[in-house]
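Participant: To start, I am sharing the structure in question, which I have written as structure tokens.
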Amino acid sequence: MNRRLPTKAAPLLGLVGLVACATTKPAAQTAPADTTRPAPAVITPGTPTENLAKYRPVFAATGAGPATAPAAGAAPAPRVPAPPKAPAPTNQVNAQVEQRLRDQAFTNEKVKYTSGYRVRVYLGLERDQVMSIRRQIIARYPDETDYITFKQPVYRLYIGDYTNKLDAARGLARLRPLAPKAELEAMQVLVNKTP
């Protein structure tokens, strides 16, 4: 069954649609949404890029300065609140940090040796020669520590306790005039010379 609308009904439906549109109020003209990015404000180093005022705490003014009566006819001066006092710190870890530092210092006191360098100024068979070189070095550099080792039949004379190679090279340069064959040797050195 094929039903058709009468041909005169089509203009009637169009007229009803026009009347319905005419009775509705037109929407207010609104500006199109701004989709462009706003120009960034000039940012100076040390200033925040966003407004954080809503996160800042607000403190009540504790006291004001001396009260003065305003002059007649003058507007009262705006009240400037005193800067807020910082709250007392709570739950600080300073005590825990101090305890850890004391523990580490106590542990470090027990350490006597570390890897480092000594200057070997003599390697030979003559005890008298080792002792004469030792006396010369002690006379010129009394602060340097000397070590004589004897593994039969060889005497070795070491000078200094250097923890890094740069200091050891400086010590070697100082000792070269007294011992031209001096060399650096890596070994365990004393850390705390005082008992």
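Participant: Just checking, how many residues over the range 129-153 are surrounded by 13 or more Cβ atoms within 10 Å (Cβ to Cβ), under 18 Å from Val189 (Cβ atoms) and free of Cβ contacts under 8 Å to residues at least 12 places away in the same chain?
Facilitator: So the count comes out to 0.
Participant: Next question. Against the definition (under 19 Å from Asn192 (Cα atoms) and modelled with pLDDT of 80 or more), how does Gly116 come out, yes or no? Give the derivation first.
Facilitator: Values: under 19 Å from Asn192 (Cα atoms): yes; modelled with pLDDT of 80 or more: yes.
Yes, satisfied.
Participant: Could you please find all residues in the range 101-128 being in contact (Cβ under 8 Å) with a residue 24 or more places away in the chain and either surrounded by 14 or more Cβ atoms within 10 Å (Cβ to Cβ) or within 18 Å of Lys181 (Cβ to Cβ) (or both)? Working first, answer last.
Facilitator: Taking the range 101-128 as the starting set, the residues that turn out to be in contact (Cβ under 8 Å) with a residue 24 or more places away in the chain are 109, 111-127.
Matches in the range 101-128: Gly116, Tyr117, Arg118, Val119, Arg120, Val121, Tyr122, Leu123, Gly124, Leu125, Glu126, Arg127.
Participant: Take the residues in the range 104-157 that are among the small types (Gly, Ala, Ser) and in contact with a helix residue (DSSP H, G or I) (Cβ under 8 Å, 6 or more places away or on another chain), then tell me which one is nearest to Ala168 (Cα to Cα).
Facilitator: Residues of the range 104-157 that are among the small types (Gly, Ala, Ser), as a first pass: 105, 115-116, 124, 132, 139.
Restricting the remaining residues to those that are in contact with a helix residue (DSSP H, G or I) (Cβ under 8 Å, 6 or more places away or on another chain) gives 116, 124.
Details: Gly116: 9, Gly124: 22 Å.
That would be Gly116.
Participant: Failed condition for Tyr155, given (1) under 38 Å from the mean Cα position of the chain (by Cα); (2) modelled with pLDDT of 95 or more, with all others met?
Facilitator: Result: Tyr155 passes all but (1).
Participant: Which of (1) within 14 Å of Val189 (Cα to Cα); (2) surrounded by 14 or more Cβ atoms within 10 Å (Cβ to Cβ) does Arg156 not meet, given it meets every other one?
Facilitator: In the conditions (1) within 14 Å of Val189 (Cα to Cα); (2) surrounded by 14 or more Cβ atoms within 10 Å (Cβ to Cβ), Arg156 misses (1) alone.
The values are calculated or read from the model by the stated rules, or taken from the named source; none is laboratory data. Bear in mind the structure is a predicted one, so any value in this text is a computation, not a measurement. All Cβ positions, even for glycine, are placed from backbone atoms using ideal geometry, and neighbour counts span all protein chains on display.
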